[in-house]
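Student: Input: one structure, supplied below.
The values are calculated or read from the model by the stated rules, or taken from the named source; none is laboratory data. Here the structure is a predicted model, which means the values were calculated and not measured. Heads up, the Cβs are rebuilt from the backbone with ideal geometry, glycines too, and the neighbour counts pull from every protein chain shown. For accessibility, only protein heavy atoms count, side chains too; no ligands or nucleic acids. Shrake-Rupley method; radii C 1.70, N 1.55, O 1.52, S 1.80 Å.
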Amino acid sequence: MRAFWRIFLLFGAGVAASSQLLPDDYQDTQEPTPLDGSPIVVEISWNIKGVYEVNFREMSVLLAMYFRMQWREPRLKGAEPNGGAAVPLHSQFLERLWLPDLYIHEARDITSYKMVEKVEGLYLTPPDTILYSTLLQLKLACPMFFAKYPFDVQVCTMTVSSYNFGEDRLLLQWLPLGVSADPSVNMQLPNYDLHVTWANITSKVWCLNCTFDPTSMGEARLVLARRYTAHLLTVYLPSALFVAVAWASFFWPADVIPGRTVLIITSLLTVISMYAAVGQKSPETSYLKAVDVWLFLCIVLVVLTLFQYAVIITIKRKQKERTAGQIFPMKTVNRFRRNTAEDRGRDTPSDTPKTPSLISTDGPAAAYEKGEGRHAIRLIQYEHLVEMVGKIGIPLIFALSNIVYWSYYLS
């Protein structure tokens with residue numbers, strides 16, 4: 001019970017002491033003005049406590065952060081030096097105190113944490129320096145570009161400035177803490193690595209030739225680099241292996257048509273199914289993403305393997321047609337040779353010389369046989385050439401494409 005009354009008395013003393021710091025004519029609508037007429041300096045910093053969601057469909061980031069701002073209030077009275085230590089003030093003091101009207105440009109929604117009271121603190125460093133700190137949940141708009149997905153790096157900008165005061169009346173500066181993030185944030189993000197940077201205070205020019213004065217502006221950047229190891233193991237490596245499975249058909253005999261065809265078609269349908277499944281999970285865009293380019297390359301290479309085998313089958317069919325077509329002409333030529341020799345044997349004396357053109361090896365029949373033989377050899381050479389182009393050319397295209405692909409998307 002004594003502890004309760006002690007806390008109660010300290011609480012009341014803190015409220016009373018806080019109210020005694022403000023003069024009777026204090027106005028919270030009027031910003032404090034330094035004696036030399038310079039703009040009031042507001043120092044800011046924030047610490048990112050956690051990043052809970054990166055929504056690529058809404059293009060937003062949900063995070064929690066400690067936001068701090070510090071400024072001098074020369075109108076305070078009765079604050080005695082305390083060795084440079086900050087003195088906590090009661091939150092009721094905020095109801096009468098002037099606060100900088102800072103806001104975050106990219107914020108879609110800001111919520112203050114509250115349990116028994118709002119999670120916020122007010123501190124006075126004598127004689128007149130005020131530090132305000134609060135814990136906020138912020139839904140931040142973050143324009144995202146997915147041309148390099150899943151190797152993309154998203155940069156979310158947080159811009160802070162005053163809404164009413166130009167830089168001639170309110171000037172921002174960074175506190176020594178600047179902008180930082182808790183080490184545990186990267187553990188909360190399974191798909192991203194977070195890096196925080198901030199730039200020097202600049203001026204925000206709202207428009208040209210207008211009545212709005214330039215505003216002092218602080219800007220920080222949240223750099224979200226996607227972790228792509230899982231994509232390599234679940235998309236890139238399996239698709240490359242299925243392309244290699246299609247290439248295994250190069251080493252099968254060309255006469256095994258069902259085996260080679262089934263192998264290539266199965267690989268093609270599998271890669272197409274992977275392309276459809278990845279498209280459902282990846283961000284919807286009107287342009288090609290890196291994963292789309294990769295899967296499209298895999299599909300094209302499997303299709304080239306199928307076309308290569310189609311050319312080989314066509315050459316094989318022509319070989320069979322030529323072989324079957326030689327049977328009837330050669331029989332006709334041989335029959336013509338025999339009949340001509342018998343007729344001439346009956347009608348002419350035995351010492352009459354036979355016509356050399358019908359039985360000579362340099363006649364039309366021999367020429368026909370030689371032409372067909374050369375054509376058959378040429379078809380066999382074409383078949384071997386197409387096989388070698390498939391075995392060497394298509395893997396070489398894939399290797400060169402990989403060099404260009406990874407050099408561009410991982411740069």
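Student: So, restricting to strands (runs of 3 or more DSSP E) that lie completely within the range 180-266, which ones have at least 3 residues that are in contact (Cβ under 8 Å) with a residue 40 or more places away in the chain and surrounded by 15 or more Cβ atoms within 10 Å (Cβ to Cβ)? Explain how you work it out, then say what you get.
Tutor: Numbers: elements: 192-198, 202-204, 215-226.
Strands (runs of 3 or more DSSP E) meeting the threshold: 192-198, 215-226.
Student: With respect to residue 160, is the statement that it is over 24 Å from the mean Cα position of the chain (by Cα) and free of Cβ contacts under 8 Å to residues at least 24 places away in the same chain true?
Tutor: Details: over 24 Å from the mean Cα position of the chain (by Cα): yes; free of Cβ contacts under 8 Å to residues at least 24 places away in the same chain: no.
It is false that residue 160 is over 24 Å from the mean Cα position of the chain (by Cα) and free of Cβ contacts under 8 Å to residues at least 24 places away in the same chain.
Student: Oh, and also: Which ones in the range 135-156 are surrounded by 19 or more Cβ atoms within 10 Å (Cβ to Cβ) and over 30 Å from residue 278 (Cα atoms)?
Tutor: Scanning the range 135-156 gives 136, 138.
Student: Scan the range 157-174 residue by residue and report those that are open to solvent by less than 70 Å² (accessible area, probe 1.4 Å) and farther than 22 Å from residue 110 by Cα. Give the steps one after another, and end with the answer.
Tutor: Within the range 157-174, the first condition is being open to solvent by less than 70 Å² (accessible area, probe 1.4 Å), and the residues that meet it are 157-162, 165-167, 170-172, 174.
If the condition is that a residue be open to solvent by less than 70 Å² (accessible area, probe 1.4 Å) and farther than 22 Å from residue 110 by Cα, then 166, 167, 170, 171 are the ones that fit.
Student: I need the full set of residues from the range 278-298 which are modelled with pLDDT under 95 and open to solvent by 30 Å² or more (accessible area, probe 1.4 Å), in order please.
Tutor: Within the range 278-298, 279, 280, 281, 284, 285, 286, 287, 288 meet the criteria.
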